[in-house]
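Have a look at the structure below, then the notes.
The values are calculated or read from the model by the stated rules, or taken from the named source; none is laboratory data. Remember, predicted model here, so these are calculated numbers, not experimental data. Here Cβ is always computed from backbone atoms with ideal geometry, including for glycine, and neighbour counts include all displayed protein chains. The protein model used for the area step is the full one, side chains on, heavy atoms only, and it has no ligands, DNA or RNA in it. Shrake-Rupley method; radii C 1.70, N 1.55, O 1.52, S 1.80 Å.
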Amino acid sequence: MVLLKKESDSRKTVLKTMRIPNYINTLLEKDADSKGISVNALISMIMTKYAEWDRYIERLGGITIKPQALKEILEEIDEDRLADIAKRSGSRFPKEFVLFKFKRTSLETYLESLKLICKYKGYARYEHESEGSDNTIILVHDLGEKWSNFLRYVVEEGMRSVSGVVPRFEVSRDSLIIRFKS
């Protein structure tokens with residue numbers, strides 16, 4: 001049995017019964033046990049990822065690359081070329097994804113898309129704090145300063161193209177701090 005969260009009211013659940021091959025059941029039980037959660041919770045996580053991310057990114061396209069390979073590629077690119085690529089990427093993909101998923105552009109939908117990208121694509125660990133209209137997003141990763149710079153330009157162009165907001169940045173080797181007013 002699987003409990004699903006409805007998009008309209010995430011507190012309500014629906015009881016579903018489904019048949020799965022035995023080998024998938026065995027994998028689910030093994031993985032749930034290793035995570036210290038129930039099979040039901042694992043299936044719910046898998047279906048949430050599908051609902052929040054996979055169903056959209058399958059249509060838009062994307063690839064998976066090992067972090068170490070990405071880091072090595074980044075080390076070979078000069079800073080100006082990296083900034084160019086990141087700015088082009090930031091001005092296109094975030095807006096396309098936000099429109100595709102949320103059907104409207106706003107600061108709120110941009111921030112939700114950035115959170116999903118970090119969560120499911122592994123760009124960085126995401127933390128957002130707000131105090132009144134002052135907002136701080138901290139992106140922490142293990143890919144070095146070139147990745148921090150890449151993220152900076154992607155976020156700068158993405159926020160500008162989706163919401164018109166121009167943030168301030170603090171770039172370091174393994175993190176990016178983004179500050180803006182909402």
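Here are the numbers for the structure shown:
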quantity: Cα centroid separation, region 152-182 to region 58-88 (Å); calculated: 18
quantity: Accessible area in the full protein assembly, largest first, 1.4 Å probe, for 60, 70, 15; calculated: 15, 60, 70
quantity: Set 66/103; 16/49; 66/87; 95/115 screened for pairs whose C-alpha atoms are more than 21 Å apart; calculated: 66/103; 66/87
quantity: Nearest-10 value in Å² for the accessible area of residue 63, using the 1.4 Å probe; calculated: 140
quantity: DSSP H segments from the chain that extend 30 Å or more along their own axis, Cα-based, with Kyte-Doolittle mean of 1.0 or above; calculated: none
quantity: Cα gyration tensor category, rounded, prolate or oblate, for region 129-182 with a/c compared to 1.5; calculated: oblate
quantity: Accessible surface of residue 129 - all protein chains present, 1.4 Å probe, nearest 10 Å²; calculated: 100
quantity: Prolate/oblate/rounded label for region 53-100 (Cα gyration tensor, a/c 1.5); calculated: oblate
quantity: Solvent-accessible area, 1.4 Å probe, carbon plus sulfur percent, for region 24-149; calculated: 51
quantity: Accessible area in the full protein assembly, largest first, 1.4 Å probe, for 126, 23; calculated: 23, 126
quantity: Region 81-182, relative contact order [Cα under 8 Å, separation at least 6], %; calculated: 33
quantity: Whether region 83-156 is rounded, prolate or oblate, judged on the alpha carbon gyration tensor where a/c under 1.5 counts as rounded; calculated: oblate
quantity: DSSP-assigned coil residues among trypsin sites (Lys or Arg not before Pro) in region 91-182, each with at most 12 further Cβ atoms within 10 Å; calculated: 103, 104, 173
quantity: Label assignment, Cα extents along the principal axes in Å derived from the structure, set [x] 86, 37, 30; [y] 53, 37, 31; [z] 46, 33, 31; calculated: [y]
quantity: Cα centroid separation, region 12-26 to region 37-51 (Å); calculated: 10
quantity: Accessible area per residue in Å² at 1.4 Å probe, computed on the chain; calculated: 64
quantity: MRE, 222 nm, helices only [DSSP H, n ≥ 4, -39500 (n - 2.57), over the chain, to nearest 500]; calculated: -17500 deg cm²/dmol
quantity: Accessible-area order (highest first, 1.4 angstrom probe) of the listed residues 136, 109; calculated: 136, 109
